[in-house]
1. Might you let me know whether the range 150-157 holds any residue that is under 26 Å from THR23 (Cβ atoms), in contact (Cβ under 8 Å) with a residue 60 or more places away in the chain, open to solvent by less than 10 Å² (accessible area, probe 1.4 Å) and not polar (S, T, N, Q)?
2. Among the residues of the range 166-177, how many are over 20 Å from ASP112 (Cβ atoms) and either surrounded by fewer than 21 Cβ atoms within 10 Å (Cβ to Cβ) or among the hydroxyl-bearing types (Ser, Thr, Tyr) (or both)?
3. Starting from the range 164-192, take each residue that is part of a loop (DSSP other than H, G, I, E, B) and list its partners that are surrounded by fewer than 20 Cβ atoms within 10 Å (Cβ to Cβ) and among the hydroxyl-bearing types (Ser, Thr, Tyr), counting only C-beta distances under 7 angstrom and pairs at least six apart or across chains.
4. Look at MET153 and say whether it is assigned to a loop (DSSP other than H, G, I, E, B) and of a type outside the set (Gly, Ala, Ser).
5. Among the residues that make up the range 124-140, is at least one of them touching a residue at least 60 places away in the same chain (Cβ under 8 Å) and open to solvent by 20 Å² or more (accessible area, probe 1.4 Å)?
6. Check the range 222-240 and report whether any residue there is over 15 Å from the mean Cα position of the chain (by Cα), modelled with pLDDT of 95 or more and either among the aromatic types (Phe, Trp, Tyr) or in a strand (DSSP E or B) (or both).
7. How many residues are surrounded by fewer than 17 Cβ atoms within 10 Å (Cβ to Cβ) and in contact with a helix residue (DSSP H, G or I) (Cβ under 6 Å, 6 or more places away or on another chain) if we restrict to the range 24-39?
8. Within the range 46-62, is there a residue that is open to solvent by less than 20 Å² (accessible area, probe 1.4 Å), β-branched (Val, Ile, Thr), outside any helix (DSSP H, G or I) and in contact with a Leu (Cβ under 7 Å, 6 or more places away or on another chain)?
Amino acid sequence: MTKDQDTFDLAGKTFKSRLIVGTGKYKSHDETRQAIIASGAEIVTVAVRRIDLSQTTSILDAIPPGVRLLPNTAGCYSAEEAVRTARLAREAGMTDFLKLEVIGDEATLFPDIPETLKAAKVLVDEGFTVLPYITDDPVAALRCQELGCAAVMPLAAPIGSGLGIRNPYNLSIILEQARVPVIVDAGVGTASDAAFAMELGVTAVLMNTGIAGARDPLLMAEAMKLGVQAGRAAYRAGRMPRKLYATASSPKTGILDPALPLK
């Protein structure tokens, strides 16, 4: 399989880029647009609550043509609130494609899993394509799959923390059990974090602050793109086995015996 053939399917659509980016925390709409372009992302997530349709311009104007919009329910703290926000987004003509986010704790911004599952059931039944933000909990991932969610989105670390992958072992279990795409969401701080996530075998990585919070967001957007590509290539290539002891990389045959005199 060539690089161009390495695609993934999500909600009946095929995508090449495995980097999904957010639109918050940038200095301007122009910087947002340039960062999206530099990242090569084909899916961009926007908090529904940040969109003011009464204004002549909004964050939606920063999204380049051809990029798929993924509205999210960021800022919701109950299933009812998340469902209402999702319905408003659909009524505004956005899309049924939805990142479901129900926060359970204001300090950590960890998701409330019972409320997330409650909202997911309602939204799936109403025809939404639901991508839930969850903890790195294999049981939560299974429950989301059973409800008919189109993907699962376990966190790498708390939102905006930049701590990288905190629990690769739980992510590995989620990947073993997954029948839907697994998208790492939240906590990725730099390109090596993105590469590590992809090396585990996840389908894609979603990030916002890791790019927007960098000293040079446009350069970091490109770095994240390359990190995702490198990690995916390494996963497909198959890393060498880990060994406790050294193994010589040069053959022993044909080496001169240092005890023999030179001619």
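1. Taking the range 150-157 as the starting set, the residues that turn out to be under 26 Å from THR23 (Cβ atoms) are 150-157.
Imposing the further condition that a residue be in contact (Cβ under 8 Å) with a residue 60 or more places away in the chain reduces the set to 150-151.
When the remaining residues are screened for being open to solvent by less than 10 Å² (accessible area, probe 1.4 Å), the result is 151.
The next check asks that each one be not polar (S, T, N, Q); those that pass are 151.
Yes: the range 150-157 contains one or more residues that are under 26 Å from THR23 (Cβ atoms), in contact (Cβ under 8 Å) with a residue 60 or more places away in the chain, open to solvent by less than 10 Å² (accessible area, probe 1.4 Å) and not polar (S, T, N, Q).
2. The qualifying residues number 7.
3. GLY187/SER161
4. In short, no.
5. Within the range 124-140, one or more residues are touching a residue at least 60 places away in the same chain (Cβ under 8 Å) and open to solvent by 20 Å² or more (accessible area, probe 1.4 Å).
6. Taking every residue of the range 222-240 in turn, at least one turns out to be over 15 Å from the mean Cα position of the chain (by Cα), modelled with pLDDT of 95 or more and either among the aromatic types (Phe, Trp, Tyr) or in a strand (DSSP E or B) (or both).
7. 2
8. Checking the range 46-62: at least one residue is open to solvent by less than 20 Å² (accessible area, probe 1.4 Å), β-branched (Val, Ile, Thr), outside any helix (DSSP H, G or I) and in contact with a Leu (Cβ under 7 Å, 6 or more places away or on another chain).
The values are calculated or read from the model by the stated rules, or taken from the named source; none is laboratory data. What you are looking at is a predicted structure, and each value in this text was computed from that prediction instead of being measured. Neighbour counts run over all protein chains shown; Cβ positions are idealised from the backbone, glycine included. Side chains are part of the model used for accessible areas, which takes the heavy atoms of the whole protein and leaves out ligands, DNA and RNA. Shrake-Rupley method; radii C 1.70, N 1.55, O 1.52, S 1.80 Å.
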